[in-house]
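Working notes, beginning with the structure itself.
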Amino acid sequence: MSGTTSLSSHLAFNQVAQVFASKADLLPKAYIESLACVLDACEPMEAHQVEQVLRTELGAPHQAVFAEFDMVPIGSATIAQVHRAMTMNGIRVAVKVQNVSNQKLMRADLANMLTVSKFLDRLHILLPFDHTSILLEYIAQVYFCD
């Protein structure tokens, strides 16, 4: 794998690569090093998308809920990003905003990856880690978060 490999065209592949990149206990060091490039390669949502998600989830514009809300995220991943904010009573908080526009594509990508993973299992093509179990665990976490 090249350190410059781009997985940005498919969100779930990027997300699963991020999960695998954090599994130093399961994968060889060379895999972890190669996948490290995906840990910070996610484009954040645009401000109007963040505002729409907040309005939908909170039932009001963010200005009615937070005294301050930084529209520039401090971190961005494939399914969510985190913003600094301050509550009306002055408490500084981190607000996780889910990227709902990615969910449908991500579910399709995960289903496709699981199909390929199970196919590899049936053909007895062994990788140095249990890819099917990791995918199943991740899928359960993604569906649980809805």
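Scanning the stretch 40-62 for residues that are within 15 Å of ALA85 (Cβ to Cβ) and either at pLDDT below 90 or out of contact with any Lys or Arg (no Cβ under 7 Å at 6 or more places or on another chain) (or both) turns up ALA47, VAL50, GLU51, VAL53, LEU54, ARG55, GLU57, LEU58, ALA60, HIS62.
Selection of the stretch 60-80 for residues being over 20 Å from ARG92 (Cβ atoms) and either among the β-branched types (Val, Ile, Thr) or not assigned by TED's automatic domain parsing to the domain that holds GLY90 (or both) yields THR78, ILE79. A count restricted to the stretch 61-97 and to residues that are closer than 30 Å to ASP109 by Cα and of a type outside the set (Lys, Arg) stands at 16.
Scanning the stretch 125-136 for residues that are assigned to a helix (DSSP H, G or I) and free of Cβ contacts under 8 Å to residues at least 24 places away in the same chain yields a total of 4.
With PRO61, PRO73 as the choices, which residue is over 20 Å from the mean Cα position of the chain (by Cα) and over 30 Å from LYS29 (Cα atoms)?
Numbers: PRO73 fails: over 20 Å from the mean Cα position of the chain (by Cα).
Unique residue meeting the criteria: PRO61.
For the stretch 81-115, the tally of residues that are touching a helix residue (DSSP H, G or I) at 6+ places or on another chain (Cβ under 9 Å) and not acidic (Asp, Glu) stands at 22.
Out of the residues in the stretch 76-124 meeting the condition of being in a strand (DSSP E or B) and at pLDDT below 95, tell me which one is surrounded by the most Cβ atoms within 10 Å (Cβ to Cβ). Break it down into steps so the answer makes sense when it comes.
Within the stretch 76-124, the first condition is being in a strand (DSSP E or B), and the residues that meet it are 76, 80-87, 92-98.
Adding the requirement that they be at pLDDT below 95 leaves 76, 80-82, 96-98.
Numbers: SER76: 18, ALA80: 18, GLN81: 23, VAL82: 15, LYS96: 12, VAL97: 21, GLN98: 15.
The selected residue is GLN81.
Screening HIS62 with (1) within 30 Å of TYR138 (Cα to Cα); (2) in contact with a strand residue (DSSP E or B) (Cβ under 6 Å, 6 or more places away or on another chain); (3) touching a residue at least 12 places away in the same chain (Cβ under 8 Å) gives one miss only, at (1).
The values are calculated or read from the model by the stated rules, or taken from the named source; none is laboratory data. These numbers were taken from a predicted model, which means no experiment stands behind them. Heads up, the Cβs are rebuilt from the backbone with ideal geometry, glycines too, and the neighbour counts pull from every protein chain shown.
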